[in-house]
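Enquirer: After the structure tokens below, expect a handful of questions from me.
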Amino acid sequence: MTANARSGRVIAAHGRHFLVDDGESVTECVTRGKKGGVACGDRVRFSLTHPGSGVIEEVEPRFNLLYRSDEFRTKLIAANVDQVLVVVAAVPLFREELLIRCLVACEAAGIPARIVLNKTDLPQTATLADYLKAYEALGYIVRKVSALGDLGSLEADLKGKTSVLAGASGMGKSSLLNRLVPEAHAAVGEISQALDAGRHTTTHARLYPLANGGALIDSPGMQEFGLKHLNPHELMAAFPEIRARLGQCRFHNCRHLKEPGCAVLAAAEGGDILPSRLRAYHSLLKEQKAPL
Ligand code: GDP
Ligand code: ZN
């Protein structure tokens, strides 16, 4: 490593280009060779090649890493994350499967997740608030907000922490981001960032420092959420209601699909597990490549 290496935090990742903030200025960095493997939120050592440009020499050890994967590759979403806030809303459509995928990714990465129920100003939200009580019973905190109203409680949740904002399109993620980080100027309803000018990548994450301490990471990539990197054991453990019943099935290698004497299926039949969650578990299991 060169003697003049500096330390900073990655505040934007797009393709193989990164913006690194060292507290005084922001440097546009690349990685050496084919290393890749740098995520928004990473703490790195970098050296300057020209004023404003640099090379990342080393990624400091992370305390966690959130990622997703499809058939072809794994994508890093963010590193050193204290919590993930999954924004949901009743309007235009509550996409429960995406919520479940986000929660599963967080459980697997050991990152606390909260649900932010947005658009509480709309009457349609009451039914969803009721439905989400089942998620509160699983241990997830549900914070109810309106991007058009007071966000004091959400700001308190964010204070001093690095949080990832996730959610399906249309849930109000940009509206919340604009309120929480006015200087983000995230275009409501569209992805438009000056940083992307001239680049072909559209999936990128950005970290915004918060006025009260802490940071918010916005990651548009969380719309599609493949979890092929998880093996069946990791998957079962990522569902709190399945995790709680592991070891209670007749067969020690039960996959909780159709097996007789399955404690998970029995709980689902008894109404103690949400049908949508069991369905999501089954469809995630089918996506896995590795056999049990
Ligand atoms: P994103 O796709 O998740 O970034 O969602 P946007 O922030 O673009 O919001 C989608 C639509 O929902 C826009 O028309 C917003 O004005 C609207 N919206 C966002 N938050 C709220 C809210 O709390 N209440 C109401 N009534 N509308 C909202
Ligand atoms: Zn079972």
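Enquirer: Over the chain, average the accessible area per residue using a 1.4 Å probe and give it in Å², no decimals.
Expert: Normalised by residue count, the accessible surface of the chain is 48 Å².
Enquirer: Of the listed peptides 45-54, 139-148, what is their order by residue-averaged count of other C-beta atoms within 10 Å, with the highest listed first?
Expert: 139-148, 45-54
Enquirer: Sticking with this one: Looking only at the chain, where both bridge partners belong to it, what percent of the DSSP beta bridges are antiparallel (to the nearest 5)?
Expert: Among the beta bridges of the chain, antiparallel pairing accounts for roughly 55 percent.
Enquirer: Any chance you could check the Cα centroid distance between segment 128-146 and segment 218-275 for me, in angstrom?
Expert: Cα centroid to Cα centroid, the span is 20 Å.
Enquirer: As a quick test, which of the pairs Lys75/Lys173; Lys144/Lys286; Lys119/Lys159 have an alpha carbon distance above 31 angstrom in this structure?
Expert: Checking Cα-Cα distances, Lys144/Lys286 exceed 31 Å.
Enquirer: Next question. For the chain, which whole percent of the accessible surface, found with a 1.4 angstrom probe, sits on carbon and sulfur atoms?
Expert: 52
Enquirer: 7 Å from Cα along Cα→Cβ at both Glu234 and Phe72: what's the point-to-point distance in nm?
Expert: That separation, rounded to one decimal, is 2.1 nm.
Enquirer: Next question, about the same structure. For a Förster distance of 45 Å, can you work out the FRET efficiency between the beta-carbons of Thr127 and Glu183, rounded to the nearest 0.05?
Expert: 0.80
Enquirer: Just to check I understand the Karplus step: with θ = phi - 60° and J = 6.51 cos²θ - 1.76 cosθ + 1.60, what whole-Hz values come out for segment 56-69, glycine and proline as x?
Expert: 6, 8, 7, 9, 6, x, 9, 8, 6, 8, 9, 8, 10, 7
Enquirer: Calculate how many DSSP beta bridges within segment 65-218 are antiparallel, expressed in % of all such bridges and rounded to the nearest 5.
Expert: Given both bridge residues lie in segment 65-218, the antiparallel proportion sits at roughly 35 percent.
Enquirer: With bins 10 Å wide starting at 0, give me the P(r) of the chain over every alpha carbon pair, in whole percents.
Expert: Percent of Cα pairs in each bin: 6, 27, 32, 22, 11, 3, 0.
The values are calculated or read from the model by the stated rules, or taken from the named source; none is laboratory data. Since the model is a prediction, treat every value here as computed from it, not as a measurement. Quick reminder, even Gly has a Cβ in these numbers, built from the backbone with ideal geometry, and neighbours come from all protein chains shown. Heads up: the accessible areas ignore ligands, DNA and RNA and are worked out on the full protein's heavy atoms, side chains in. Shrake-Rupley method; radii C 1.70, N 1.55, O 1.52, S 1.80 Å.
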